1. Any residue in region 78-89 that is open to solvent by less than 70 Å² (accessible area, probe 1.4 Å), under 16 Å from I6 (Cα atoms), free of Cβ contacts under 8 Å to residues at least 60 places away in the same chain and in contact with a strand residue (DSSP E or B) (Cβ under 6 Å, 6 or more places away or on another chain)?
2. Of the conditions (1) among the small types (G, A, S); (2) under 12 Å from the mean Cα position of the chain (by Cα); (3) part of a helix (DSSP H, G or I), A25 clears all except one; give me its number.
3. Taking the condition within 13 Å of M1 (Cβ to Cβ) and buried (at least 17 other Cβ atoms within 10 Å of the Cβ), does M103 pass?
4. For residues that are in a loop (DSSP other than H, G, I, E, B) and of a type in the set (D, E), scanning just region 34-52, find the one that is surrounded by the most Cβ atoms within 10 Å (Cβ to Cβ).
5. Scanning for something at pLDDT 95 or above and either among the polar types (S, T, N, Q) or in a loop (DSSP other than H, G, I, E, B) (or both), does region 69-80 turn up at least one residue?
6. Look at D31 and say whether it is part of a loop (DSSP other than H, G, I, E, B), open to solvent by 20 Å² or more (accessible area, probe 1.4 Å) and within 22 Å of G107 (Cα to Cα).
7. Anything in region 37-59 that is in contact with an Asp or Glu (Cβ under 7 Å, 6 or more places away or on another chain) and closer than 16 Å to A72 by Cα? List them, or say none.
8. Run down V60, V74 and say which single residue is without any contact (Cβ under 8 Å) to a residue 24 or more places away in the chain, more than 27 Å from K100 (Cβ to Cβ) and either touching a strand residue (DSSP E or B) at 6+ places or on another chain (Cβ under 7 Å) or among the β-branched types (V, I, T) (or both).
Amino acid sequence: MKISVIVPIYHGKMYIQQMIKQIEAAAKEVDSEVELLLVNDDPQEVLDTNLSSSLIEIHVYNTEHNCGIHGARVKGLERSEGELVLFFDQDDKMCPGYFKSQMDQIGS
């Protein structure tokens, strides 16, 4: 089962590396593919699309115009491939056991 984590980014470059580390730590605890979709909602501040990880897939999408947080989430959802979808804000924190606890709750 694939997990998609969708994170709208707006003036939030400073949060990206920490978000990647937290999602990698949580991905180590489950036997699932994990993808991180960063949706940049500020067309004036283009995000680096060369982010990589050996544990998770990372996709960066830059919007053509500001869509707002909900519009950015929808754009991420349209591109996600996961059966399980999580929406996070750019400054949210994720504990290492997060994916495992959520999957335990749904019986996966």
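The values are calculated or read from the model by the stated rules, or taken from the named source; none is laboratory data. Values in this document were obtained by computation on a predicted structure and should not be read as measured data. Because the Cβ atoms are built from the backbone with ideal geometry, glycine has one as well, and the counts that use them run over all protein chains shown. For the accessible areas, the whole protein counts, side chains as well, though only heavy atoms, and no ligand, DNA or RNA atoms are used. Shrake-Rupley method; radii C 1.70, N 1.55, O 1.52, S 1.80 Å.
1. Among the residues of region 78-89, not one is open to solvent by less than 70 Å² (accessible area, probe 1.4 Å), under 16 Å from I6 (Cα atoms), free of Cβ contacts under 8 Å to residues at least 60 places away in the same chain and in contact with a strand residue (DSSP E or B) (Cβ under 6 Å, 6 or more places away or on another chain), which makes the answer no.
2. (2)
3. Answer is yes for this residue.
4. D41
5. yes
6. Taking the combined requirement at face value, the residue satisfies it.
7. Passing the criteria: P43, H59.
8. So the residue among V60, V74 that is without any contact (Cβ under 8 Å) to a residue 24 or more places away in the chain, more than 27 Å from K100 (Cβ to Cβ) and either touching a strand residue (DSSP E or B) at 6+ places or on another chain (Cβ under 7 Å) or among the β-branched types (V, I, T) (or both) is V74.
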